[in-house]
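Everything on this sheet refers to the single structure shown next.
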Amino acid sequence: MKADPRGVLSGAHFIDGDVACAEGALAAGCRFSAGYPITPSTEVVERLAVRFPEVGGLFIQMEDEIASSICILGAVWGGAKALTVTSGPGFSLMQEHIGLAAMTETPCVIVDVQRGGPSTGLPTLPGQADMMQVRWGSHGDYGIIALSPASCQESFDLTVEAFNLSERFRVPVFLMLDEVVGHMHERVLIPPADEIEVEPRRYTSLPPGEYLPYRVREGEWVPDMARAGLGHRFHVTGLTHDERGYPAMNPEAQGKLVRRLVYKIRENADRIVRCEEVMLDDADVVVVAYGITSRVAGRAVQLARDAGLRVGMLRLVVCWPFPETRVRELAGRVAAFVVPELNYGQMYYEVERVAAGKARCHLVPHGGGTVHRPEVILEAIREACA
């Protein structure tokens, strides 16, 4: 399915990452957003508030992030593609409804423009310390997908992909920007609408009397949805539920349901995962990075290459599910991984877990507020090569 031309501002634009994200949402078919102002994410919904009237969309400023996150779930069940945006403290407030979205299999997109924390922290400066919270922030077992743009162009492209993945797997999908990517301005090329692939919502073809909202087709993991207003009956609850959507308070129903919530992502991880590989063919040391940090790391890798060191970079475009297969392969043939992050070790521990002692792991931490200096990452690369 191609994008609706009404939502696509085709051409070259000089815009920041937040605005590019909003344009990506519009191109993907998003027509509803609820949010509450919070730095450094507010520009996303400011742009949507301006652009939605042009395409028949609706933005509502809610009283807080809790209301925003539940509002978009209702909009999705009413038939809309929906998005909310937040940062830091607001993201923490949304965790209960993130779990509800996972449990009810509500396809939606949540944008977290990360800043320095904890608590109120550094509202206007960058961080990358929400990476474990996005995966494990709500209670219980469930699967999610999280993408990490490293440029304004990717803010557009990956927002479209986030909506497509949310529809394909019926999960909340997260766009994990950071303040630098959100606020820097770059050239963004928005293609014509007929070149943008948009995943349609998969609605049931069954008549109302035969439809069960949580029954999956043979050999599949994801159930079909029903169009509201056409006579299909469905019950949506955060309680453990059966195929009818009705509460089913027993271990058997819990095992069947939660296993599917986890394995619809886990079993499809190799289809979802995306990484960019830079000079890995002969690398003895691999830098693993994502978001704005990957751009600084790329400079450090080039400096190391110029100095004769055999180093490459694995950039995480999709952070969750984690690219276990590729990291495990690399761990079997390289000496070490170097992981720079704007935190004190989050994705680093995933690299260390998957490397399983086959390759050394070196964390290059940074508390946020600024980005790493390339020389700091270069020094870590030199130590790893020693």
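The values are calculated or read from the model by the stated rules, or taken from the named source; none is laboratory data. What you are looking at is a predicted structure, and each value in this text was computed from that prediction instead of being measured. Here Cβ is always computed from backbone atoms with ideal geometry, including for glycine, and neighbour counts include all displayed protein chains. Side chains included, ligands, DNA and RNA excluded: accessible areas come from the protein's heavy atoms. Shrake-Rupley method; radii C 1.70, N 1.55, O 1.52, S 1.80 Å.
Suppose we take every Cα in the chain and form the convex hull; what volume per residue is that in Å³?
With only Cα atoms used, the chain gives 141 Å³ per residue.
How large is the helix-only mean residue ellipticity at 222 nm for the chain, computed as the sum of -39500 (n - 2.57) over DSSP H runs with n ≥ 4, divided by its residue count, in deg cm²/dmol to the nearest 500?
Helix-only estimate at 222 nm: -11500 deg cm²/dmol.
So if each residue of separation counts as 0.36 nm, and I subtract the Cα-Cα distance between E54 and T120, what length gain in nm does that give?
Gain on stretching E54 to T120: 20.3 nm.
Could you work out the relative contact order of segment 141-228? I mean the mean sequence separation of Cα pairs under 8 Å and 6+ apart, divided by the number of residues, in percent.
Numbers: 96 pairs, mean separation 24.6, N = 88.
Across segment 141-228, relative contact order equals 28 percent.
Please list, ordered by chain and number, the residues whose modelled amide H lies under 5 Å from the amide H of H362; skip anything fewer than 5 residues away on the same chain.
F337, V338, V339
For segment 1-142, what relative contact order do you get, as a whole percent, if you take Cα pairs closer than 8 Å and at least 6 residues apart?
21 percent
What list of ³J(HN,Hα) values in whole Hz, one per residue of segment 79-95 in order, does the Karplus curve 6.51 cos²θ - 1.76 cosθ + 1.60 (θ = phi - 60°) give from phi, with Gly and Pro shown as x?
x, 8, 8, 9, 9, 10, 9, 7, 7, x, x, x, 5, 4, 5, 7, 4
Around A82, which amide H atoms from residues at least 5 apart in sequence, or from another chain, sit under 5 Å from its own amide H, with H modelled in the peptide plane?
Long-range HN contacts for A82: V109.
Evaluate E = 1/(1 + (r/R0)^6) for L230 and M1, where r is the Cβ-Cβ distance and R0 equals 22 Å; express this FRET efficiency to the nearest 0.05.
The pair L230/M1 has a calculated efficiency of 0.65.
So how much accessible area does I190 have, in Å² to the nearest 10, using a 1.4 Å probe?
10 Å²
Accessible surface of E186 in the full protein assembly, 1.4 angstrom probe, to the nearest 10 Å²?
The accessible area comes out at roughly 40 Å².
Dipole of the chain, Cα-centred, from +1 at each Lys and Arg C-beta and -1 at each Asp and Glu C-beta, to the nearest 20 debye? Show your work: numbers first, answer last.
On the way: 38 positive and 49 negative charges, 137 e Å.
About 660 debye.
Can you work out the accessible area per residue across the chain, with the rest of the protein chains kept in place, probe 1.4 Å, in square angstrom? Could the numbers behind the result be given before it?
Details: 15580 Å² over 386 residues.
Roughly 40 Å² per residue, with all protein chains present.
Tilt of helix 42-55 relative to the longest C-alpha principal axis of the chain, in degrees (0 to 90, nearest 10)?
For 42-55 against the chain, the angle is about 40 degrees.
Taking Cα pairs under 8 Å and at least six residues apart, what relative contact order does the chain come out at, in percent? Walk me through the numbers on the way to the answer.
On the way: 899 pairs, mean separation 64.8, N = 386.
Computed value for the chain: 17 percent relative contact order.
Which aspartates and glutamates have a Cα lying under 17 Å from the Cα of K358, excluding residues fewer than 8 positions away in the same chain?
K358 reaches D284, E324, E329, E350.
Name the long-range amide H neighbours of G116: under 5 Å, sequence gap of 5 or more, or other chain; modelled H, no Pro or chain starts.
The list, which skips near neighbours in sequence, is L122, L125, G127, G369.
Tell me, what HN-Hα J-couplings in whole Hz come from the Karplus equation 6.51 cos²θ - 1.76 cosθ + 1.60 at θ = phi - 60° for each residue of segment 185-202, using x for Gly and Pro?
9, 8, 6, 10, 9, 9, x, x, 4, 6, 10, 9, 7, 10, 6, x, 6, 8
Return the percentage of antiparallel bridges among DSSP beta bridges fully within the chain, rounded to the nearest 5 %.
30 percent
What's the angle, to the nearest 10 degrees (0 to 90), between helix 291-306's Cα axis and the longest principal axis of the chain?
30 degrees
For segment 363-380, take each phi angle, set θ = phi - 60°, evaluate the Karplus expression 6.51 cos²θ - 1.76 cosθ + 1.60, and give the result in whole Hz per residue in order, putting x for glycine and proline.
Each residue's phi maps through the Karplus curve to give 8, 10, x, 7, x, x, x, 9, 9, 4, 7, x, 5, 5, 5, 4, 5, 5 Hz.
Report in % the part of the accessible area of segment 153-294 that belongs to carbon and sulfur, leaving out ligands and nucleic acids; probe 1.4 Å. The partial results should precede the final answer.
Numbers: 3310 of 6760 Å².
Answer for segment 153-294 is 49 percent, counting heavy atoms of protein chains only.
Using a Gaussian network for the chain with springs between C-alpha atoms less than 10 Å apart, which of these wobbles most: I98, I72, I38?
Looking only at I98, I72, I38, the biggest GNM fluctuation is shown by I38.
Rounded if a/c is under 1.5, else prolate if a/b is larger than b/c, else oblate: which is segment 46-201, with a ≥ b ≥ c the root eigenvalues of its Cα gyration tensor?
Taking the square roots of the gyration eigenvalues as a ≥ b ≥ c, segment 46-201 is rounded.
Output the antiparallel fraction of DSSP beta bridges having both residues in segment 240-363, as a percent to the nearest 5.
30 percent
Taking a probe of 1.4 angstrom, what is the accessible area of M176 in Å², to the nearest 10?
0 Å²
When the accessible area of segment 44-132 is split by element with a 1.4 Å probe, what percent falls to carbon and sulfur?
Reported share for carbon and sulfur atoms: 62 percent.
At a Förster radius of 25 Å, what calculated FRET efficiency corresponds to the Cβ-Cβ distance of K358 and R310, to the nearest 0.05?
Given R0 = 25 Å and the Cβ-Cβ separation, E is 0.90.
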